[in-house]
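The values are calculated or read from the model by the stated rules, or taken from the named source; none is laboratory data. Every value quoted in this text rests on a predicted model; they were computed, and no experiment measured them. Glycine also receives a Cβ, built like all others from the backbone with ideal geometry; neighbour counts cover every protein chain displayed.
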Amino acid sequence: MMAATAVRLGPLVLRNPVIAASGTFGFLLEYMPYVDPQELGAVVLKTVTLEPRTGNPPPRIAETPAGLLNAVGLQNPGVDALIEHVLPLLREYSVPVIVSIAGFTVEEFYILAARLSAVPGIAALELNISCPNVEAGGTAFGVDPDMAAAAVAAARRGTALPLIAKLTPNTADIAAVARRVVKAGADVVALINTLKGMAIDLVHRRPLLGNVFGGLSGPAIKPVALRAVWEVYEAVDVPIIGMGGITTWQDAVEFILAGATAVGVGSANLVNPRATAEIAAGISRYLAENHVEDLSTLVGAAHRWEGNRGRA
Amino acid sequence: MPYIADAPVLSRREVGPGCFLVELEAPAVAQDAVPGQFVHVRVSTTLDPFLRRPLSIHRVDTRRGTISLLFQVVGRGTALLAGMRPGERLNILGPLGRGFTVLPPSRDLVLVAGGIGVAPLFFLAERLLGAGHRVTLLHGARTQAYLLLADEFATLPLTYLQATDDGSTGIRGTAVDAFAGLERRPDFVYAAGPMPMLAALAAAVRAVRLGAEFSLEERMGCGVGACMCCSFKSREGEGWAYRRVCVEGPVYPAEKVVWE
């Protein structure tokens with residue numbers, strides 16, 4: 001029998017619904033002084049690309065009201081270094097490891113997925129489709145339903161591993177993108193990635209971030225993320241990993257009620273290294289106190305409220 | 001091993017214009033910390049301001065189990081910190097980062113401080129003196145009022161030279177000018193201060209082929225090496241690579257930093 005907190009994420013079973021979100025948890029090892037891997041549902045590693053990337057010039061981070069902008073620029077050692085030097089170290093930790101990949105062409109999504117397919121100890125691949133498509137003039141894959149679907153289909157050709165498509169909110173209709181990536185073979189959708197924004201340095205009268213633009217995250221974006229999860233839940237039948245500004249277990253339960261089967265915790269890790277573990281423990285207490293024997297019964301429950309019938 | 005602790009504030013006093021010294025009860029941090037390391041401080045118990053603030057450890061008292069933080073109010077976060085009262089608790093994460101190297105005795109060592117950069121150098125001076133070194137501190141600031149904790153540095157058995165931009169006390173000029181005016185070539189240099197000052201000092205140190213370690217600054221996120229936000233350029237082989245202030249720093253060999 002599964003514990004009350006266990007969730008089924010397509011082909012994956014997680015011991016609890018809390019996932020450390022990509023880019024905020026490094027390659028897991030950085031957080032081992034603070035979190036027992038058994039406290040996590042899963043971890044999504046920092047995005048890797050086919051080639052190593054230097055990343056953007058600093059400053060790469062700017063604090064904003066109840067949140068932050070980041071413009072790291074996908075700095076990473078490349079997929080080969082991940083396979084050779086990092087993944088072998090992670091096998092001793094008892095937590096599902098999800099590898100996040102980003103391609104700059106459709107073909108790169110295929111190559112990355114195929115290369116990682118052969119590596120043991122990977123629970124799933126997350127497709128970071130918020131990176132620019134260089135073949136389409138640099139527009140992010142995830143902005144356009146056709147391009148998003150092409151990236152997912154390419155990865156699908158390359159692997160039998162479970163595929164999670166991470167969706168960007170910087171698009172006209174996120175539900176439309178979700179429908180297309182599911183059709184293209186995504187087993188799970190994760191949302192939302194950061195919102196595009198910027199900050200100005202008043203003293204020097206210039207953009208604050210070295211990259212000019214950055215991605216907004218943290219509590220400030222939670223309402224946008226909840227709305228996106230709500231819309232996507234009504235649009236697709238695959239499980240959703242909901243995220244965007246989750247810092248407490250109450251936030252996490254709101255996402256679950258909006259339609260998320262699991263939740264991602266991102267920016268909160270930067271403030272509280274134990275955020276993931278504390279949120280998982282809080283959800284567990286909430287279930288016990290409310291005599292909920294199976295978390296999945298809460299998924300999307302807010303859609304089934306009385307007043308929702310007949311809503312336009 | 002870093003700790004996460006709700007550290008009680010024992011005292012807080014203004015030691016210069018908008019500059020504060022806060023003493024915290026944090027026995028484990030006091031025990032483990034080495035000079036140059038920092039603690040990552042939550043300035044609010046609510047969601048805004050959101051991020052922690054990295055503050056170098058100014059002083060530790062292992063007997064009393066306390067650490068002191070010296071900082072200047074530069075924005076909303078540090079203003080909140082300056083408003084902390086004795087009895088309130090401050091959530092800290094640390095000690096974090098790589099500290100200064102304490103060389104084997106007994107050498108002639110020069111410490112160079114610019115403005116609030118003096119923060120980590122009290123702790124360092126104490127440890128270097130304790131290890132049997134001869135220490136000279138070059139303390140530079142805008143004006144006399146910003147030569148923070150000058151009275152306390154004067155109590156240490158070191159050579160203490162001051163420099164102010166306006167000449168209100170000590171030599172007129174910067175701590176880097178004071179370094180250029182040294183009559184004896186030291187064995188090693190330690191420094192902390194604003195990046196332009198450190199860049200100028202790096203050039204001066206390189207000119208006389210001296211080894212040096214500097215404490216670097218950059219806007220920081222997690223403090224534990226995960227988010228890759230606090231990057232600086234480090235010379236690597238023929239080229240350079242980004243390194244993290246929070247893990248590979250904040251103390252870093254001066255000759256390896258690419259100054260922009």
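From (1) of a type in the set (D, E, K, R); (2) more than 26 Å from B:Val41 (Cα to Cα); (3) under 16 Å from the mean Cα position of the chain (by Cα), pick out the condition that doesn't hold for A:Lys222.
(2)
Among all residue pairs at least 6 apart or on different chains, which show Cβ distances below 8 Å where the first residue, located in segment A:37-65, is more than 10 Å from chain B (Cβ to nearest Cβ) and the second is among the basic types (Lys, Arg)?
That search, which allows pairs on different chains as well, returns A:Gln38/A:Arg15; A:Gly41/A:Arg15.
I'd like to check something: does segment B:85-102 contain any residue that is free of Cβ contacts under 8 Å to residues at least 40 places away in the same chain and closer than 27 Å to A:Asn70 by Cα?
no
Considering A:Leu68, A:Leu74, which residue is within 14 Å of chain B (Cβ to nearest Cβ), farther than 29 Å from A:Ala149 by Cα and outside any helix (DSSP H, G or I)?
Values: A:Leu74 fails: farther than 29 Å from A:Ala149 by Cα.
Checking each option against the conditions leaves just A:Leu68.
What strands (runs of 3 or more DSSP E), lying completely within segment A:207-271, carry at least 1 residues that are of a type in the set (Val, Ile, Thr), away from chain B (no Cβ under 14 Å) and within 20 Å of A:Glu126 (Cα to Cα)?
Qualifying strands (runs of 3 or more DSSP E): A:240-243, A:262-265.
Say we look at segment B:181-222 and pick out the residues that are under 27 Å from B:Tyr146 (Cβ atoms) and within 12 Å of another protein chain (Cβ to nearest Cβ); which of these is surrounded by the most Cβ atoms within 10 Å (Cβ to Cβ)?
Filtering segment B:181-222 for residues that are under 27 Å from B:Tyr146 (Cβ atoms) and within 12 Å of another protein chain (Cβ to nearest Cβ), the one surrounded by the most Cβ atoms within 10 Å (Cβ to Cβ) comes out as B:Met220.
Here's the yes/no breakdown for (1) at pLDDT 95 or above; (2) on the phi > 0 side of the Ramachandran plot:
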position	(1), (2)
A:Asp251	yes, no
A:Gly259	yes, yes
A:Glu293	no, no
A:Ala302	yes, no
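Among the residues of segment B:142-196, count how many are of a type in the set (Ser, Thr, Tyr), assigned to a loop (DSSP other than H, G, I, E, B) and touching a strand residue (DSSP E or B) at 6+ places or on another chain (Cβ under 7 Å).
3
Output the residue which, of all residues in segment B:223-238 that are among the small types (Gly, Ala, Ser) and more than 10 Å from every other protein chain (Cβ to nearest Cβ), is nearest to A:Arg274 (Cα to Cα).
Of everything passing the filter in segment B:223-238, B:Ser234 is nearest to A:Arg274 (Cα to Cα).
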